[in-house]
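The values are calculated or read from the model by the stated rules, or taken from the named source; none is laboratory data. The structure presented is a predicted model; accordingly, all values stated were derived computationally and were not measured. So basically every Cβ, Gly included, is an ideal-geometry build from the backbone, and we count neighbours across all protein chains shown. For the accessible areas, the whole protein counts, side chains as well, though only heavy atoms, and no ligand, DNA or RNA atoms are used. Shrake-Rupley method; radii C 1.70, N 1.55, O 1.52, S 1.80 Å.
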Amino acid sequence: MASFDYDLFVIGGGSGGVRSGRVAAALGKKVAIAEEFRYGGTCVIRGCVPKKLYVYASQFTEHFEDAEGFGWSVGERTFDWQKLVKAKEKEITRLEGLYQKGLANAGAEILHTRAELTGPNTIRLIDSGKTVTAERIVIAVGGHPTPHDALPGHELCISSNEAFDLPELPKSIIIAGGGYIAVEFANIFHGLGVETTLIYRGKEILSRFDQDMRRGLHAAMEQKGIRILCEDLIQSVTKNADGRLTAETMKHGALVADQVMLALGRVPNTKGLGLEAAGVAVNERGAIIVDAFSRTSAPGIYALGDVTDRVQLTPVAIHEAMCFIETEYKGNPTSPDHDLIATAVFSQPEIGTVGLSEEAAAKKFQDLEIYRAEFRPMKATLSGRSEKTIMKLIVNAADRKVVGVHILGHEAGEMAQLLGITLKAGCTKDDFDRTMAVHPTATEELVTMYNPTYRVKNGEKVG
Ligand SMILES: Cc1cc2nc3c(=O)[nH]c(=O)nc-3n(C[C@H](O)[C@H](O)[C@H](O)COP(=O)(O)OP(=O)(O)OC[C@H]3O[C@@H](n4cnc5c(N)ncnc54)[C@H](O)[C@@H]3O)c2cc1C
């Protein structure tokens with residue numbers, strides 16, 4: 001039997017890579033992991049974590065305003081962008097350290113280098129030029145924001161990567177894109193006092209989410225003062241004499257702003273990785289093709305997380321890593337379960353969702369009951385804020401199963417986590433009905449909507 005330098009070599013120190021490396025090492029395997037940038041990966045360094053911290057920062061504007069309705073007088077407010085960036089940096093550095101500590105404690109060898117494949121079981125460490133061998137290889141290299149090379153002036157634009165560390169807070173920003181990253185950043189910048197325009201080529205922001213959520217959030221964002229231009233796109237970006245940028249749009253003419261941010265999707269980090277030499281096949285978007293057990297086309301090489309373009313979320317990458325461990329090191333073949341993934345959009349208000357949208361459910365089931373509530377949250381009664389919470393249950397009439405829940409409102413992400421359990425457990429509408437309400441909360445609506453608001457039969461809305 002061939003002998004290798006390592007039992008497992010992991011390329012990429014992000015959510016999926018660190019989890020697979022750490023757990024394999026803790027099981028006694030000889031593991032090395034290589035990271036070319038910073039341990040923690042996208043989630044910790046320039047994704048979920050800093051994003052959520054900035055969301056918190058941006059929410060204070062409304063908190064200060066709302067406080068007055070409850071008797072508070074809030075004095076002069078100032079915001080220091082550099083202070084926020086510094087505080088964020090401190091926290092992500094702490095997490096980066098914890099990730100490495102976890103790996104070290106488990107006995108994994110931590111490498112700070114880019115790694116590339118040179119053959120089926122061989123990896124070149126770019127910094128040292130050394131080649132090492134491993135019995136198994138996990139590719140967990142993630143992705144990066146699409147640079148949109150075809151756009152004249154794209155090099156003048158920023159992506160989510162740069163947005164976190166801008167030397168100064170812009171006075172105005174144009175964000176291109178309609179996905180959750182574009183929408184979240186639009187809310188962050190607006191909340192921090194930046195004049196914000198969101199431009200998206202589709203009919204409505206957040207495609208694939210439930211229509212009620214999409215329209216509801218669109219209306220709420222516009223009401224706050226975020227300009228949203230749908231069915232339009234940027235055709236070129238140029239720099240003005242004063243250093244500001246002009247984005248020439250298809251329908252709305254020239255828009256001028258301090259920054260233009262492109263949030264137009266993400267590309268797998270597979271370029272130059274040596275996949276051909278190793279016999280690892282990719283699809284037309286450059287994502288690594290895997291089977292139900294995260295196995296690539298090359299024996300002994302596995303891929304997980306964003307690079308496989310299945311579901312691009314941190315918990316999914318971690319779950320795929322744990323399934324790899326079960327399958328390969330615990331003799332318990334386990335394929336990742338991508339069904340009913342609860343998820344959130346950290347917009348303001350938030351969206352929390354699990355299961356099928358009404359539109360997707362209507363394609364799958366003949367007869368649906370839709371339970372929908374739209375109301376002013378209690379806090380808004382005294383704060384005077386005119387905002388709406390929307391809650392929606394999608395029920396398959398044939399077996400009463402709840403197949404989708406969608407919430408637009410405060411802390412909807414937290415609610416989605418718990419609703420994820422109920423849907424995963426296969427709860428029916430009757431289970432919701434016999435659950436006692438928690439009063440006074442917004443979520444009590446979910447267990448007190450006794451009659452369908454309307455039905456959808458064979459794709460048509462009735463009643
Ligand atoms: C702005 C933003 C916000 C997000 N918000 C959320 C959220 O709220 N919730 C959520 O669940 N998900 C969120 N995500 C998605 C989440 O960050 C990813 O799904 C997750 O990080 C994927 O993990 P991964 O292990 O596949 O890859 P990554 O975390 O991207 O890690 C890959 C690592 O590999 C390294 N690497 C690449 N090539 C090489 C190489 N050849 N050699 C060595 N190292 C290499 C990279 O530097 C990187 O550190 C967000 C993403 C972004 C961009």
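Compute the label zone of Lys364 within segment 408-422: residues whose backbone N is under 19 Å from the point 7 Å along Cα-to-Cβ. Backbone N within reach: 416-422. Quick one: of the DSSP bridges fully inside the chain, what percent are antiparallel, nearest 5? Counting only bridges with both partners in the chain, antiparallel ones make up about 65 percent.
Placing unit charges on the Cβ atoms only, positive for Lys and Arg and negative for Asp and Glu, gives segment 267-375 a dipole magnitude near 320 debye about its Cα centre. For the chain, the relative contact order works out to 15 percent when only alpha carbon pairs closer than 8 Å and six or more residues apart are counted.
Excluding same-chain neighbours fewer than eight residues apart, the aspartates and glutamates reachable from Lys379 by a Cα-Cα span under 20 Å are Glu62, Glu65, Asp66, Glu68, Glu350, Glu387, Glu411, Glu414, Glu444, Glu445.
Taking the DSSP bridge list for segment 154-264 and keeping only pairs wholly inside it, about 40 percent are antiparallel.
Every helix of 4 or more DSSP H residues in the chain counts as -39500 (n - 2.57), and over all residues that averages to -9500 deg cm²/dmol at 222 nm.
In straight-distance terms, cross-link reach from Lys130 covers every one of the lysines whose alpha-carbon lies under 27 Å from its own, apart from those fewer than eight places away in the same chain; here that gives Lys29, Lys30, Lys101, Lys271. Backbone N atoms of segment 395-413 closer than 20 Å to the 7 Å Cα→Cβ label point of Leu382 belong to residues 410-411.
Taking a Cβ cut-off of under 14 Å around Gln100, the surrounding Lys, Arg, Asp and Glu residues balance to a net charge of +2, with basic ones at +1 and acidic ones at -1. Ranked by the mean number of other Cβ atoms within 10 Å per residue, highest first, peptides 380-391, 410-421 order as 410-421, 380-391.
In this Cβ point-charge picture (+1 for Lys and Arg, -1 for Asp and Glu), the chain has a dipole of about 300 debye about its Cα centre. Within segment 392-416, list the residues whose amide N lies under 16 Å from a label point set 7 Å along Cα→Cβ of Arg455. Flagged as within label range: 394-401. Counting only lysines at least 8 places from Lys363 when in the same chain, those with an alpha carbon closer than 17 Å to its own are Lys401, Lys457, Lys461. Amide H contacts for Leu198 (H built 1.01 Å from N in the peptide plane; partners 5 or more residues away or on another chain; cut-off under 5 Å): Ile175, Arg227, Ile228, Leu229.
Highest-first packing order for the peptide set 327-338, 4-15, 108-119 is 4-15, 108-119, 327-338, based on the mean count of other beta carbon atoms within 10 Å. Out of Ala342, Val395, Ala278, whose Cα points farthest toward the positive end of the dipole of the chain (charges: +1 Lys, Arg; -1 Asp, Glu; placed on Cβ)? Value: Ala278. Carbon-plus-sulfur accessible fraction, segment 75-226 (probe radius 1.4 Å, protein heavy atoms only): 50%. For segment 252-409, taking Cα atoms only, Rg and Dmax work out to 21.4, 65 Å respectively. Scanning the chain for DSSP H helices at least 24 Å long along the axis (C-alpha atoms) with a Kyte-Doolittle mean no lower than -1.0 picks out 48-67, 81-106.
In segment 343-455, what percent of the accessible surface is made up of carbon and sulfur (1.4 Å probe, ligands and nucleic acids excluded)? Using a 1.4 Å probe with all protein chains present, segment 343-455 comes out at 56 percent carbon and sulfur. Given segment 1-145, what whole percent of its Cα pairs are spread farther than 27 Å? Looking at segment 1-145, the distances longer than 27 Å represent 38 percent of pairs.
Close amide H contacts of Leu313 (hydrogens built in the peptide plane, cut-off under 5 Å, sequence separation of 5 or more or a different chain): none are found.
Take the chain with all the other protein chains still there, run a 1.4 Å probe, and you get 47 Å² of accessible area per residue. Here the calculated FRET efficiency for Phe64 and Leu156, from their Cβ-Cβ distance with R0 = 30 Å, stands at 0.30, rounded to the nearest 0.05. Computed from the C-alpha gyration tensor, the three semi-axes of the ellipsoid equivalent to the chain are 39, 30, 22 Å, from longest to shortest.
Roughly what would the spin-label model give for Glu374 and Val447, points 7 Å off Cα along C-beta, in nm? It is 2.7 nm. Taking amide H positions as modeled 1.01 Å from N, with prolines and chain starts lacking one, the residues under 5 Å from Tyr302 and 5 or more places away or on another chain are Ile137, Val138, Ile139, Thr296.
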